[in-house]
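The values are calculated or read from the model by the stated rules, or taken from the named source; none is laboratory data. Not measured: the values here are computed from a predicted model. Cβ placement follows ideal geometry from the backbone for every residue including glycine, while neighbour counts extend to all protein chains displayed. Protein only, heavy atoms only, side chains kept; ligands, DNA and RNA dropped before computing areas. Shrake-Rupley method; radii C 1.70, N 1.55, O 1.52, S 1.80 Å.
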Amino acid sequence: MSTPSKSHGRKTITASLTPRDLMAEPTRLKGAWAAKVITLFPDAFPGVLGASLTGKALQEGKWTLDPIDLRIFGEGKHRNVDDTPYGGGAGMVLRADIVGKALDFASRGTSERAKWPVVYLSPRGKPFDQAKAAEWAQADGITLLCGRFEGVDQRVLDFYEIEEISLGDFVLTGGEIAAQAMIDATVRLLPDVLGNAASTEEESFSDGMLEHPQYTRPAEWKGLGVPEVLTSGDHGKVDIWRREQSEALTKTRRPDLWAKRKHVDR
């Protein structure tokens with residue numbers, strides 16, 4: 001009996017019990033940054049990562065994506081990966097032995113931990129920010145563990161010394177959306193992905209402040225014009241205006257960022 005297959009963008013994927021790179025392409029540049037994602041929903045990838053500049057960079061082999069199906073490492077006829085929590089309570093917990101097998105598989109071909117972070121996407125983790133994305137972009141790659149249900153057995157997190165990172169102060173049904181957001185933030189910082197290094201230097205959070213307002217044509221829209229300084233041709237004045245706008249926005253909208261910046265400047 002033939003194995004079932006399904007459409008996945010421009011490729012056809014056939015069901016297999018062997019973990020593999022679902023987005024494998026012939027082009028893979030030597031030393032390309034890699035993301036390995038352990039998930040119960042490998043078909044959720046590449047998702048938005050396959051579009052726009054990150055998708056183009058993926059096709060060109062500037063970075064690689066390896067979704068690893070956690071279910072493959074499950075036990076029994078139904079490939080069970082979870083069980084009820086000790087001590088009682090609602091929900092199920094991902095088993096340490098099952099997740100451990102997936103982590104061991106994902107570790108193949110990776111470099112030392114200092115150059116290859118292993119991260120559990122958890123609402124109790126440290127908040128993800130631009131500095132963390134920049135840190136990851138300097139690594140050889142990253143392994144992301146997407147949680148489900150009530151989370152992961154604490155023992156696997158302790159044994160593998162896994163870092164916990166949160167996308168924000170809210171709870172998702174799983175880590176897949178968070179994983180895509182964090183990978184996107186990291187990949188766009190890789191060399192030659194955006195094509196314009198200045199783009200990442202001038203945007204929000206690059207220097208600890210929010211980005212200044214942006215304007216383009218038409219010069220007037222619904223009775224609203226463009227700040228005169230932006231059409232003056234005086235780049236010095238433009239730089240000053242943009243800096244002032246960034247500072248004002250940061251003070252008003254993100255006083256926490258402004259406080260941190262002022263502390264650093266002392």
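Loop-located chymotrypsin sites (Phe, Trp or Tyr not before Pro) in the stretch 77-123 (DSSP state other than H, G, I, E, B) with a sparse environment of at most 11 neighbouring Cβ atoms within 10 Å: Tyr86. Among the GluC sites (Glu not before Pro) in the stretch 92-161, those placed in a DSSP loop whose Cβ has at most 15 other Cβ atoms within 10 Å are Glu112, Glu150, Glu161. Provide the solvent-accessible area of Met182, counting protein heavy atoms only and rolling a 1.4 Å probe, rounded to the nearest 10 Å². Accessible area of Met182: about 0 Å².
For the residue pairs Lys77/Lys115; Lys36/Lys251; Lys132/Lys251, the alpha carbons lie more than 26 Å apart in Lys77/Lys115; Lys36/Lys251. The Cβ shell under 15 Å around Met182 holds other residues with a net charge of -2, Lys and Arg each +1, Asp and Glu each -1.
Legend: calculated FRET efficiency, Arg113 to Lys30, from the Cβ-Cβ distance at R0 = 30 Å, rounded to 0.05, equals 0.85. Rolling a 1.4 Å probe over the protein heavy atoms of the stretch 34-168, with every protein chain left in place, gives an accessible area that is 52 percent carbon and sulfur. The residues packed around Glu75, meaning those with a beta-carbon under 15 Å from its beta-carbon, carry a net charge of 0 if Lys and Arg are +1 and Asp and Glu are -1.
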